[in-house]
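What follows is a short report on a single structure.
The values are calculated or read from the model by the stated rules, or taken from the named source; none is laboratory data. Only a predicted model underlies this, so the values are computations on that prediction, with no experimental measurement involved. Virtual Cβ from ideal backbone geometry, glycine too; neighbours counted across all protein chains shown. Please note that ligands, DNA and RNA were not included when accessible areas were found on the heavy atoms of the full protein model with its side chains. Shrake-Rupley method; radii C 1.70, N 1.55, O 1.52, S 1.80 Å.
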Amino acid sequence: MRAVLDRLQTAHKKGSIIRELLRQKGHSKKKIVIDFSSPNIAKPFHVGNLRSTIIGRYVDYLLRSAGHEVTSINYLGDWGSQIGLMVRGFREFVDDSVWNDADPVKRLKLLRDTYVRSATLAQTDERYARESREVFARMEAQKSDEHWPIWQQASEISRQHLNNFYAMLNVRFDRWDCESAHVTAAKEMVDQLIERRIAERREDGLCVVHSVVNSVDTNASSSSSDLYALLRKADNSTLYLTRELAAIFDRRRRYDADEYLYVVENGQRLHFEQLKLVLRRMGEGELAEKVGHVNFGHVMGMSTRAGRVELVDDLLDAGVRLANDVILHSHSVKVAKEEDVKSVAFQLALSAIIANDLKRRRASDYEFSFERAFNFKDDSGPMIQMKHARLCGIERRNREEFGDFETSWVDYPLEESDVGKELMKRLSLFEPALEESLSQLQPCTVVVYAFQLARLSASALKPLRVIGQPKEIAVPRLFILSLTRKVLAECLIALGLTPLEEM
Ligand code: ARG
C-alpha cells in the first residue's frame, strides 16, 4: 500500500497524478485528431452539442494526458440545407433595419428564432420549402451574391457567441474548421468518383455509391449489401457526407494521424458507416479503419421548475439560479466571501450539469433532472465539490501544525482503522479506473470513481480526526485525506471543472 500512496504523491508533485499514472503505462504514442462540439451555425446550440462538447473535452484531456499527440477540431456546420432555410427565413421574416440596429445578443436571438420559424414553416408549406432549397442550391453554385452577406453575418455572430460560450466553459480547440471550406473539394471529388465509376449518377439525378456485395463492415448492423451513400443531390449540391469526405482527406493531409475521432450522437451512426463505406470503395480502406465514432446518447427531456429547457444558455441560467438558491438557504454550503458567490454558483451549476451527464455510459439516452443533478446528498457534481472543499478545510487547519506531512508520513505506521484502510484501497483503485476510462473512452468510469471516493471521504472524516491527535496518528491520517483531496481535484479538472476550495 505504501508504494501505491507514494506513487500518487510523487505524481502529484510532478504536476498531475492523471498524467503520470497514464504515462507510466507506456502507451505507444499516437497522433489523434478529435472532432467535437461542432455545432451548426444556424441552429440554436442545444443539449446534443453540449454533450459532444463535454464528452469530447474529457476524451481530449485523457488522450493528451496519456501522452498522445492530439489535435482538437471544432467543425462548424455552416453549410447545407439548414443554411438555405436560414437565409430564406431572413428574406421572409427579418427587416433589414431591425437586424442592423440590433446588438450582438439580440442578433443571435433573432438568428436562432428566424431559423426555427423558417424550419417550421417549411414543414407545412411545400413552396416555401422548395424555395429554401433553391436558395441553398444557388449559394452552392456560387450564383447568389444577394444571399452572401446574410450568411457571412450569421456565421460571424455565431462564432462570436461560441467563442464566449467556450471561454465560459473553459473549452479550447486547436483548430476551427467548417463545412463551407470543403465544398469545392467535395464537388471535385464527386466528379472524380463518377469518372472512376465508383459513384453512379442515377436517372433521378442523384449520385450514389453502392457497397460491393456483402462486403467488409462487420460492425454494421444493417447488412452492408444494402448500404449505400448519397453524395450529390439532383440540383448538384453537395451533402453533409460529401463535405465530410473532403474534410477527412484534408485532415489526413494536414495531420497524417493514426486515428480520426468524431464525438457525435448515436443518431449519426449511419453517417459514419457511409463515410467508411465510400472510403473503402475509393480504395482508402486504411483511412476508413482510422475513423472512430465516439458516439453518445440522446438527452430526452430537461424539465426545470420553470418548465422545459432545450437551449444550453437556458440550462446554465436555470442551474445558476438553483445554485444561488442553495448557497442562500443551505446550512452545509456557505460561501465565505460575498464576491465569490457568483463564481461559486456558476461552478456548482456547471458541476451539476457536467457530472450528471458524464456519470453514465456515453451511449445511453437519459432524462435530465435538475433535482438529481443538484442533489448534494447523492452522487452529484456539487457533492464532489462539497467534499473536496471540506478536505481543503482540513488541510488548511492542520497545515501549520503538521506542514511537512507530505514527506514525514513515511516515518510513521499507516492508518490502521477499517475506514482508513478502505480509503487507501479506494485511492489505489484510481489507476485502474483511469486505465479503463482511457481504453474505452468512457468518462463514467472516472465520474463514478469520484462519487465513491467523495462519499467515502465524508464518512471517514470523523473516524480519521486529525485535530488534537498525536503526530504519529495525525500525520498518516492527514496524508491520506490530503491525497484523497488531490485525487478528487484531478477528477474535477478532468471533467473540465474548477475544484472549489471553500464553500
Ligand atoms: N454539425 C453536426 C451536427 O450538429 C455535427 C458535426 C460533427 N462532426 C463531424 N465531423 N461530422 O449534427
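Within the option set Ile32, Ile55, being within 16 Å of the ligand (Cβ to nearest atom), closer than 17 Å to Ser437 by Cβ and either outside any helix (DSSP H, G or I) or among the polar types (S, T, N, Q) (or both) holds for one residue only, Ile32.
Every test in (1) farther than 30 Å from Arg321 by Cβ; (2) surrounded by fewer than 21 Cβ atoms within 10 Å (Cβ to Cβ); (3) of a type outside the set (S, T, N, Q) is passed by Leu423 save one, and that test is (2). If only one of Val116, Val87 is part of a helix (DSSP H, G or I), in contact with a Gly (Cβ under 9 Å, 6 or more places away or on another chain) and closer than 30 Å to Gly56 by Cβ, which one is it? Of Val116, Val87, the one residue that is part of a helix (DSSP H, G or I), in contact with a Gly (Cβ under 9 Å, 6 or more places away or on another chain) and closer than 30 Å to Gly56 by Cβ is Val116. Scanning region 118-132 for residues being within 11 Å of Gln82 (Cβ to Cβ) and of a type in the set (D, E, K, R) gives a total of 0.
When you scan region 246-253, do you find a residue that is open to solvent by 40 Å² or more (accessible area, probe 1.4 Å), at pLDDT below 95, at negative phi and of a type in the set (D, E, K, R), even just one? No, region 246-253 has no match at all. Here is the figure for region 66-84: residues that are open to solvent by 10 Å² or more (accessible area, probe 1.4 Å) and part of a helix (DSSP H, G or I) total 2. Take the conditions (1) at pLDDT 95 or above; (2) outside any loop (DSSP other than H, G, I, E, B); Ala257 misses just one of them, which is (2).
Looking across region 284-310, the residues that are open to solvent by 50 Å² or more (accessible area, probe 1.4 Å) and modelled with pLDDT under 95 come down to His298, Met300, Ser303, Arg305, Ala306, Arg308, Glu310. Checked against (1) within 16 Å of the ligand (Cβ to nearest atom); (2) open to solvent by less than 20 Å² (accessible area, probe 1.4 Å), Gly89 passes all but a single condition, namely (1). On the stretch given as region 259-274, residues that are closer than 16 Å to Val33 by Cα, near the ligand (Cβ under 10 Å from one of its atoms) and out of contact with any Phe, Trp or Tyr (no Cβ under 9 Å at 6 or more places or on another chain) total 1.
When region 37-50 is filtered for residues that are within 8 Å of the ligand (Cβ to nearest atom) and either on the phi < 0 side of the Ramachandran plot or open to solvent by less than 10 Å² (accessible area, probe 1.4 Å) (or both), the ones remaining, listed by number, are Pro39, Asn40, Lys43, Gly48, Asn49.
Collect the residues in region 183-205 that are open to solvent by less than 10 Å² (accessible area, probe 1.4 Å) and within 16 Å of the ligand (Cβ to nearest atom), keeping them in residue-number order. Listed by number, the list holds a single entry, Ala186. If we only count helices (runs of 4 or more DSSP H) wholly inside region 332-429, which ones have 1 or more residues that are more than 23 Å from Tyr449 (Cβ to Cβ), modelled with pLDDT of 90 or more and of a type outside the set (Lys, Arg)? Per the criteria, 341-358, 381-402, 405-408.
Taking the listed residues Leu231, Leu227, the one that is modelled with pLDDT under 95 and farther than 29 Å from Met300 by Cβ is Leu231, with no other qualifying. Would you confirm, using the coordinates I've provided, whether Glu203 is in a loop (DSSP other than H, G, I, E, B) and among the acidic types (Asp, Glu)? Answer is yes for this residue.
Residues in region 130-152 that are open to solvent by less than 60 Å² (accessible area, probe 1.4 Å) and touching a residue at least 12 places away in the same chain (Cβ under 8 Å): 11 in all. Among the residues here, Arg127 qualifies as surrounded by fewer than 23 Cβ atoms within 10 Å (Cβ to Cβ) and either outside any helix (DSSP H, G or I) or more than 14 Å from the ligand (Cβ to nearest atom) (or both). So is Leu62 away from the ligand (no atom under 16 Å from the Cβ) and under 17 Å from the mean Cα position of the chain (by Cα) or not? When the stated conditions are applied, Leu62 passes them.
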